[in-house]
1. I want to verify the translational diffusion coefficient of the range 136-176 in µm²/s; compute it with Stokes-Einstein, Rh as the Kirkwood radius over Cα pairs, at 37 °C and 0.692 mPa s.
2. If the range 65-105 were replaced by its equivalent ellipsoid, with semi-axes equal to the square roots of 5 times the Cα gyration tensor eigenvalues, what would those be, largest first, whole Å?
3. Once the mean 1/r over all distinct Cα pairs of the range 150-203 is inverted, what Kirkwood radius in angstroms do you read off?
4. How far is it, in nm, from the label point at ASP31 to the one at ILE136 when both lie 7 Å from their Cα along the line to the Cβ?
Amino acid sequence: MTNESSCHEGHVRPTPEPKSCDTPTGTPMPDVLRDLPDDRVVILDIREHVRGGEEPFQRIMQTVMSLRDDQVLKLCNIFEPVPLYAALAQRGFAHWTQRRGPEDWCIMFYRAGSEAATSPASSTSSRPAEPVGDAIVVDARGLEPPQPMAKILENLPRIAAGGKILAITDRRPMLLYPKLEERGFVFSTEETTHGWFETRIWK
């Protein structure tokens, strides 16, 4: 077993000491995460994949779906995946987040009962209400990453005051979110019954 201070790239493996990540974001580690046995923590390190332009959402969800009821997921990422909190809260997962460096985040996802799915802290509903009216549709389905993100970003200047973009993608655009936040845009993503994702973007 290797030292917990570095996550293993691109694959899942157990770890004995989730509490050895340093620099929490402000909240103490929940008791449920302390002193976990090796086989109850699953590590998924997506940092190099994200740097390479890969869309990580499918990989994360596959790992989540493979968790036993008593296991927790430790996700290593280069940014805080805020939209993922709401997506996993809907599946009954709470989270505990630590920032260990400028591009080094450690997030523990654990089952916390049905109340986690309705927690205001895990929802994006606190964002400002999206504007009414027609949206500029950007259909990025069928494109390989990072082309969907590039296509959406190049259309951002088309948003006039009070307008919005409706971006349609095959996957949840996790890499797009920090780019939008850097540019001061607000966004909201929903999965459709047809299997694609619709992201509304506005100022």
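1. D = 313 µm²/s.
2. Equivalent ellipsoid semi-axes, largest first: 20, 12, 8 Å.
3. About 11.4 Å, per the Kirkwood formula over Cα pairs.
4. In this crude label model, ASP31 to ILE136 measures out at 5.3 nm.
Each value in this text was obtained by applying a stated rule to the coordinates, not by laboratory testing. For clarity, every value in this text was computed on a predicted model and none was experimentally measured. We place every Cβ from the backbone using ideal geometry, glycine too, and count neighbours over all the protein chains shown.
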